[in-house]
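The values are calculated or read from the model by the stated rules, or taken from the named source; none is laboratory data. Quick caveat, the model's predicted, so the values are computed rather than measured. Cβ sites come from the backbone with ideal geometry, for glycine too, and all protein chains shown count toward neighbours. Just the protein is used for accessible areas: all its heavy atoms, side chains included, with ligands, DNA and RNA removed. Shrake-Rupley method; radii C 1.70, N 1.55, O 1.52, S 1.80 Å.
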Amino acid sequence: MLEKYYPYGYAPSVFAIDYKKLYEKGFRGLVFDIDNTLVHHGDDSTPEVDALFAELKNIGFRTLLLSNNDEERVSRFMKNIEAPYICNASKPEPEAYLKAVEMLGLNKSEVIYLGDQMFVDTVGANRCGLPNILVHFIRLPNEKKIGKKRYIEMLILWFYRRNKKYRDRLGDILKGDSEK
């Protein structure tokens, strides 16, 4: 029943993932959500995010950004990142996820989707059979409130972590010693 919400993997942030391990496993494309996945909601890209995309390119990955945001927001974020993007994606509908895979010129089995929202990002990727990693949402230190959906996500993650069949379907994907 909860399986449609279960990601293939979970990471505390996009910076905690060992992308070289993913490349060695045969993945060649990465599709990212923007808000609360790469940066706090509405923020511009950061030097760390820009460096991450440069590193991914050096490893050999093709990258793409998939966002429900409008063109202005996405293009502002992309200022220092060279990657195609899809805006106004209507996630969790599967069409934009499949278009992203097509734009990367890869098979679904070679692409991983990364996002912070279980009910949008994970569900959408699962609907079209796209491997995915749920990352913990970015929250500013002074932010006290989170939405009701985040509490429900935490509960589902509790079940996910106890389900040997579904958890960690990508294997060990985290860096050994750094969790930014």
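Go through the stretch 36-68 and give me each residue that's assigned to a helix (DSSP H, G or I), open to solvent by 60 Å² or more (accessible area, probe 1.4 Å) and of a type in the set (Asp, Glu). Glu48, Glu55 - these are the residues of the stretch 36-68 that are assigned to a helix (DSSP H, G or I), open to solvent by 60 Å² or more (accessible area, probe 1.4 Å) and of a type in the set (Asp, Glu). Is there a residue being of a type in the set (A, V, I, L, M, F, W, C), closer than 22 Å to Glu153 by Cβ and assigned to a loop (DSSP other than H, G, I, E, B) anywhere in the stretch 5-14? No - not one qualifying residue is present in the stretch 5-14. If you check Ser90, Ser75 for being modelled with pLDDT of 95 or more and of a type in the set (Ser, Thr, Tyr), only one passes: Ser90.
Yes/no matrix, rows are residues, columns are (1) open to solvent by 80 Å² or more (accessible area, probe 1.4 Å); (2) within 23 Å of Tyr19 (Cβ to Cβ):
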residue	(1), (2)
Asn88	yes, no
Pro92	no, no
Leu104	no, yes
Phe119	no, no
Lys144	yes, no
Trp158	yes, no
Leu170	no, yes
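Quick check on the stretch 1-35: of everything there that is more than 15 Å from Asp121 (Cα to Cα) and among the basic types (Lys, Arg), which residue is surrounded by the fewest Cβ atoms within 10 Å (Cβ to Cβ)? Here the answer is Lys20. Just wondering, is there one or more residues in the stretch 24-35 that are of a type in the set (Asp, Glu) and out of contact with any helix residue (DSSP H, G or I) (no Cβ under 9 Å at 6 or more places or on another chain)? For the stretch 24-35, residues of a type in the set (Asp, Glu) and out of contact with any helix residue (DSSP H, G or I) (no Cβ under 9 Å at 6 or more places or on another chain): present.
Which residues, counting only those in the stretch 86-123, are touching a Leu at 6+ places or on another chain (Cβ under 9 Å) and part of a loop (DSSP other than H, G, I, E, B)? Residues satisfying the conditions are Cys87, Ala89, Lys91, Asp116, Gln117. Only one of the listed residues (Asn126, Asn163) is surrounded by 10 or more Cβ atoms within 10 Å (Cβ to Cβ) and assigned to a loop (DSSP other than H, G, I, E, B). That residue is Asn163. In the set Gly26, Gly105, Gly42, Gly60, only one residue is on the phi > 0 side of the Ramachandran plot and at pLDDT below 95; that residue is Gly42.
Identify all residues within the stretch 5-47 that are basic (Lys, Arg) and touching a strand residue (DSSP E or B) at 6+ places or on another chain (Cβ under 9 Å); write none if there are none. Matches in the stretch 5-47: Lys21, Arg28.
Out of Val120, Val111, Val101, one residue alone is in contact (Cβ under 8 Å) with a residue 40 or more places away in the chain and under 15 Å from Asn36 (Cα atoms). It is Val120.
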